[in-house]
1. How about Lys137: which lysines have a C-alpha closer than 27 Å to its C-alpha, ignoring those fewer than 8 places off in the same chain?
2. Using unit Cβ charges (K, R positive; D, E negative) and no other charged atoms, how large, in debye to the nearest 20, is the dipole of region 42-108 about its Cα centre?
3. For the pair Asp25/Phe135, report the inter-label distance in nm, with labels modelled 7 Å from Cα in the Cβ direction.
4. What does the accessible area of Thr100 come to, in Å² to the nearest 10, when a probe of 1.4 Å is used?
5. For region 81-93, what does the Karplus curve 6.51 cos²θ - 1.76 cosθ + 1.60, with θ = phi - 60°, yield as ³J(HN,Hα) per residue in whole Hz, taken in order and with x for Gly and Pro?
6. Helix-only estimate, please: 222 nm mean residue ellipticity of the chain, summing -39500 (n - 2.57) across DSSP H runs of length 4 or more and dividing by its residues, to the nearest 500.
7. Assuming 1.306 mPa s and 10 °C, estimate D for the chain with Stokes-Einstein, Rh taken as the Kirkwood radius over Cα pairs, in µm²/s.
8. If the reach is capped at under 24 angstrom between alpha carbons, list the lysines near Lys74, excluding any in the same chain fewer than eight residues apart.
Amino acid sequence: MIDDFLVSELQHWKNQQAENEKTADDSCAHIYRAADNKLIQQSKGLGEVDAEKVNLICTDERDGRMILREPFTKLLQNEEINAHSFRHTHATTLIENGATAKGVAGRLGHSSTLITQNLYTHNTKKLQEDTVEIFIKTLQTNS
């Protein structure tokens, strides 16, 4: 499930892609989905392809070309992360900001909160500081 903010951001990117295409030269790429479901990338200067034109999210803002998995993976590896790291960051950020383990487990498709808590969320500085604050408030309330 995605929220209105993410829908708005995706719509903004789609609009930006359309604007970029208007000002781009003939080397700007169009992407099509063929009957066999494969993607075809072709410079717009070469004309239309007899296939459905599609708008992808992962495109280069300069020329509309697809950002392919291998170069993207290499870029992430250079930063010592992988695409799966985004799931860990997502889970940890949600927990840091008050989401329940049950809610995060459901969002990630986990059948158990143990998987979410033990593998996907990390003990961050923010979680440690929040825990201290809760303890301080508890002491102040009970004294």
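1. The reachable lysines, counting only those whose Cα sits under 27 Å from Lys137, are Lys102, Lys125, Lys126.
2. Using Cβ point charges on Lys, Arg, Asp and Glu, region 42-108 gives about 260 debye.
3. About 6.3 nm, to one decimal.
4. For Thr100, solvent-accessible area is about 90 Å².
5. So the Karplus estimates, Gly and Pro as x, are 9, 9, 4, 5, 4, 5, 5, 5, 4, 4, 4, 5, 4 Hz.
6. Only helices count here, giving -15000 deg cm²/dmol.
7. Roughly 83 µm²/s, to the nearest whole number.
8. Lys38
The values are calculated or read from the model by the stated rules, or taken from the named source; none is laboratory data. Since we're looking at a predicted model, the values are computed, not measured. Quick reminder, even Gly has a Cβ in these numbers, built from the backbone with ideal geometry, and neighbours come from all protein chains shown. The area values use the complete protein model at the heavy-atom level, side chains included, leaving out ligands, DNA and RNA. Shrake-Rupley method; radii C 1.70, N 1.55, O 1.52, S 1.80 Å.
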